[in-house]
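Single-structure report; data block below.
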Amino acid sequence: MKYLSEIKKLGILLIGSLICLNSCRKEPEPLALNTTAITDIHYSSAISGGNITSDGGLEITVRGVCWSQSQNPTTGDSKTEDGSGSGVYTSAVTGLTPNTTYYLRAYAINSDGTAYGDELQFSTGLLTDIDGNTYHTITIGNQVWMQENLKVTKLNNGNDIPNVTDEDTWSHTNEPGYGWYDNDASTYGELYGALYNWYAVNTGSLCPDGWHVPTDAEWTILTDFLGGETIAGGKLKEAGTEHWGIPNTDATNESGFTALPGGYRSNGGQYYGIEWQGRWWTSSMIDNIYVWTRHMQSNIANVNRYEMNRNYGFSVRCIMD
């Protein structure tokens, strides 16, 4: 009987131990992290990151942030990969489209799966030139363009571009120069931008960093995407006749490019064509005298491709690198 009593006590102890093992065992913490506040927001980049507060008892193999123009981004969208392990990390978010709203959250991966931090929303800024002028941008096909004509008065290295008001000086210079239509910046500058000679274009430093004056081929990609030169002008021109003269043929601006008739400056230094024509430089030389350009007019839907002398003054639209 004594032995039976001891066996019973031992059984009770074993059962109690098992019950304690099952009921008292600490459940593992779930994988948990926070998304770092978004800072240094520019037209195509931003800084964020995360803080992994619990790895769930398993090694973090990949961590970073993911983002999208739709809510609840996942690792199937754009993402960074910023090492492994727990704790705080920083993520450089690049390749963004200017003037666009994004959703972003941190993520971490262990062998048990993927966890996400809280979702944050931010918008990329407008493109800014060295003078502080700002520009909206538009994505057309696979290209990102300025929506306004350039109006900068300095190269992106800080060097001034001479404002050449004298006709004779303009016609004979072989140095960078610009002018405002009719030498009247207050009336025409803000809306239509400046008119640059090709020597300013040829510096390679006219557009903001990360942008450039489009090549002849890049202009062709644009017009081909919009159905070809014979109809692309209508899709590029601002609709209506607030700025374009009548009839502004077939203008719909369905591309969002918002081409305006800023006129041009001749190689003799005179100004022509305001409200009637818009002319834009490419960066592509034909020979030591002529350069490829693009022209739009109020009375046609075409985008015309012409060879022009380097001493003309035309508008500039920059395209993202």
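The values are calculated or read from the model by the stated rules, or taken from the named source; none is laboratory data. Just so it is clear, the structure is predicted and the values come from calculations on it, not from any experiment. With ideal geometry, Cβ positions are generated from the backbone for all residues, glycine too; neighbour counts draw on all protein chains shown.
Quick notes
Every residue, every condition in (1) in the same structural domain as residue 210 (by TED's automatic domain parsing); (2) surrounded by fewer than 16 Cβ atoms within 10 Å (Cβ to Cβ); (3) not in a loop (DSSP other than H, G, I, E, B), yes or no:
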residue: 85; (1), (2), (3): no, yes, no
residue: 88; (1), (2), (3): no, yes, yes
residue: 92; (1), (2), (3): no, yes, yes
residue: 98; (1), (2), (3): no, no, no
residue: 103; (1), (2), (3): no, no, yes
residue: 106; (1), (2), (3): no, no, yes
residue: 115; (1), (2), (3): no, no, yes
residue: 132; (1), (2), (3): yes, yes, no
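- Annotation: residue 69 fulfils all but one of (1) surrounded by 17 or more Cβ atoms within 10 Å (Cβ to Cβ); (2) within 22 Å of the chain's Cα centre (by Cα); the unmet one is (1).
- Given (1) part of a loop (DSSP other than H, G, I, E, B); (2) crowded, with 20+ Cβ neighbours inside 10 Å, number of the condition residue 296 does not satisfy: (1)
- The stretch 51-83, residues that are closer than 28 Å to residue 210 by Cα, assigned to a strand (DSSP E or B) and in contact (Cβ under 8 Å) with a residue 24 or more places away in the chain: 64, 65, 66, 67, 68, 79
- Helices (runs of 4 or more DSSP H) contained entirely in the stretch 144-261, each with at least 2 residues that are surrounded by 15 or more Cβ atoms within 10 Å (Cβ to Cβ) and not assigned by TED's automatic domain parsing to the domain that holds residue 298: none
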